[in-house]
Structures are given as structure tokens and as C-alpha cells.
1. K232: accessible area at probe 1.4 Å, nearest 10 Å²?
2. Ignoring ligands, DNA and RNA, what accessible area per residue does the chain give at 1.4 Å, in Å²?
3. Calculate, in nm to one decimal, what A169 and H215 gain on full extension: separation in residues at 0.36 nm each, minus their alpha carbon distance.
4. If you split all Cα-Cα distances of segment 84-142 into 5 Å bins from zero, what percentages do you get per bin, shortest first?
5. Summing -39500 (n - 2.57) over the DSSP H runs of n ≥ 4 in the chain and dividing by its residue number, what mean residue ellipticity at 222 nm do you reach, to the nearest 500 deg cm²/dmol?
6. With all pairs of different alpha carbon atoms counted, what Kirkwood hydrodynamic radius in Å does segment 67-112 show?
7. Using each residue's phi in segment 17-27, evaluate 6.51 cos²θ - 1.76 cosθ + 1.60 at θ = phi - 60° and report the 3J(HN,Hα) Karplus result to the nearest Hz, with x for Gly and Pro.
8. In the chain, carbon and sulfur make up what percent of the accessible area (probe 1.4 Å)?
Amino acid sequence: MAAEAQQSNEFKRLAAERAVEFVASGMVVGLGHGTTSAFAIARLGELLRTGSLSRITGIPCSKQTEAGARQAGIPVGTLDDHPSIDIVIDGADEVDPKLNMIKGGGGALLREKVVAEASKRRVYIVDETKLVPALGTLRAVPVEAIPYASKSLFPYLQSLKTQPGLRMANDGSLFLTDQGNVIIDCKTGPLSQPEDLAAALRSRAGIVEHGLFLHLATDVIVAGPKGIRHLKP
């Protein structure tokens with residue numbers, strides 16, 4: 001298991017370094033949340049230190065990402081100052097053949113989607129294990145909701161043929177996002193029409209956002225035993 005995790009991390013690193021090749025000096029760069037994005041942040045910091053890149057501004061998708069970017073030496077900004085982002089580099093939990101994705105395993109899906117929708121180019125980096133024939137095959141769909149409405153949403157989510165469950169933190173407490181919201185992980189099984197579920201989730205008061213990232217990716221970089229592939233819609 002340790003060897004598999006090490007190999008997976010190596011694939012993520014290779015994919016992240018390929019994605020960073022799309023970044024040019026002077027760009028505003030969205031920085032995703034999670035272990036995969038951390039490899040891209042480390043590479044950007046390295047290129048800034050060596051002078052290969054300059055005048056980069058990072059727009060972090062989470063407090064954790066912001067801390068990592070500052071540690072790597074990447075100047076950070078805000079969406080207020082940079083409402084238009086040149087490129088975002090982020091990871092994904094699942095990717096289907098149309099390059100639709102499930103994201104939110106790390107709990108930053110709201111900010112990740114905000115940054116993605118503000119970006120001209122949206123590059124996602126994964127290892128081959130994240131490729132699935134249909135969304136929902138391996139992962140639940142995260143739903144971010146206000147705490148006030150969380151339990152009252154369960155009957156509605158069940159009516160959508162999902163199995164909802166509140167996400168808990170490692171210490172057993174309720175998981176809260178950077179926005180102070182809860183995450184309801186909704187098991188669906190393979191989704192033939194993810195757009196229908198996305199529309200139904202968006203229509204319910206109390207739901208802030210969901211982890212179905214549909215028709216957003218402009219590029220997906222996949223790393224695996226046979227090398228690196230660059231997928232486009």
C-alpha cells in the first residue's frame with residue numbers, strides 16, 4: 001500500500017510539473033486545494049526562485065493553499081484585486097470521458113469552483129486512477145450546505161436517489177469548510193446524466209454549491225505508468 005501511494009504521488013508530481021509549463025511570467029494563477037495542487041505550488045515556487053518565472057500572482061482556493069503558496073514564495077492576491085484569472089491549476093477526484101469531474105474531497109469545492117469560473121484556462125491534474133467511465137463510480141458527490149439547513153436537506157437529497165452523509169473531521173467533530181459550511185457527501189453510483197443532478201442540487205435553498213464540475217476543464221493532464229497524456233474536451 002505504501003508503495004502504491006508513493007507511485008501515485010510520483011504520478012501526481014509529474015502531471016503537476018507538466019501543467020505548470022502552461023504558466024508564463026506575469027500571469028495570475030489560480031491555485032487549487034489538496035495534495036495534487038501542492039506539487040504544482042512547489043514547482044511554481046521553484047521556478048520563481050530560479051528566475052525562470054517572474055511577476056506571478058497566486059489566487060489560492062483555501063486557507064491551507066494560501067499558507068502553502070506563501071511558504072513556497074508565491075505572491076498571493078485576492079479575487080477582488082484580480083477578478084480575471086489567466087489559468088487555474090487544480091486536482092480532481094474523478095474525471096469522466098467528457099472531462100466532467102467530481103471535486104471537493106478536500107472540502108474546498110466552493111472556492112475552487114469560484115476560481116475556476118473566473119479563469120480563462122482551467123487545467124486539472126490527476127493520476128490514471130481518477131479516470132472513470134461515469135461520475136459517481138468511485139466517489140460520492142460533495143454538497144456544501146449552510147449548517148442551519150443540513151439535516152433538513154437529507155429527505156430532498158434522498159429523493160434524488162442519493163445516500164447523504166455529513167462529513168466529519170479526523171477528530172470526530174463536524175467538518176466545516178473555510179466558509180463555515182458543512183459538507184454532505186452524497187453517494188450516487190454511476191451517473192448517466194450528471195447535469196440533471198447538478199440542476200436539482202442548485203435549485204434547493206440551503207445548498208451553497210456541489211462538487212460536480214461539468215464542462216469546466218479546458219485541459220486535463222493525466223500521469224500513469226505509460227507516461228503523461230494531455231486531454232482536451
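1. Only protein atoms counted, so the area is about 120 Å².
2. So the chain comes to 47 Å² accessible per residue, rounded to a whole number.
3. Length difference between fully extended and current span is 13.5 nm.
4. Using 5 Å bins, I get a P(r) of 4, 20, 28, 25, 17, 6, 1 for segment 84-142.
5. Theoretical 222 nm ellipticity from helices: -9000 deg cm²/dmol.
6. Computed over Cα pairs of segment 67-112, the Kirkwood hydrodynamic radius comes out at 12.9 Å.
7. In residue order, the calculated couplings are 5, 5, 4, 5, 5, 7, 8, 10, 4, x, 7 Hz.
8. Here it works out to 52 percent.
The values are calculated or read from the model by the stated rules, or taken from the named source; none is laboratory data. This is a predicted model, so every value here is computed, not measured. Neighbour counts are summed over all protein chains in view; Cβ atoms, including those assigned to glycine, are modelled from backbone coordinates with ideal geometry. The area values use the complete protein model at the heavy-atom level, side chains included, leaving out ligands, DNA and RNA. Shrake-Rupley method; radii C 1.70, N 1.55, O 1.52, S 1.80 Å.
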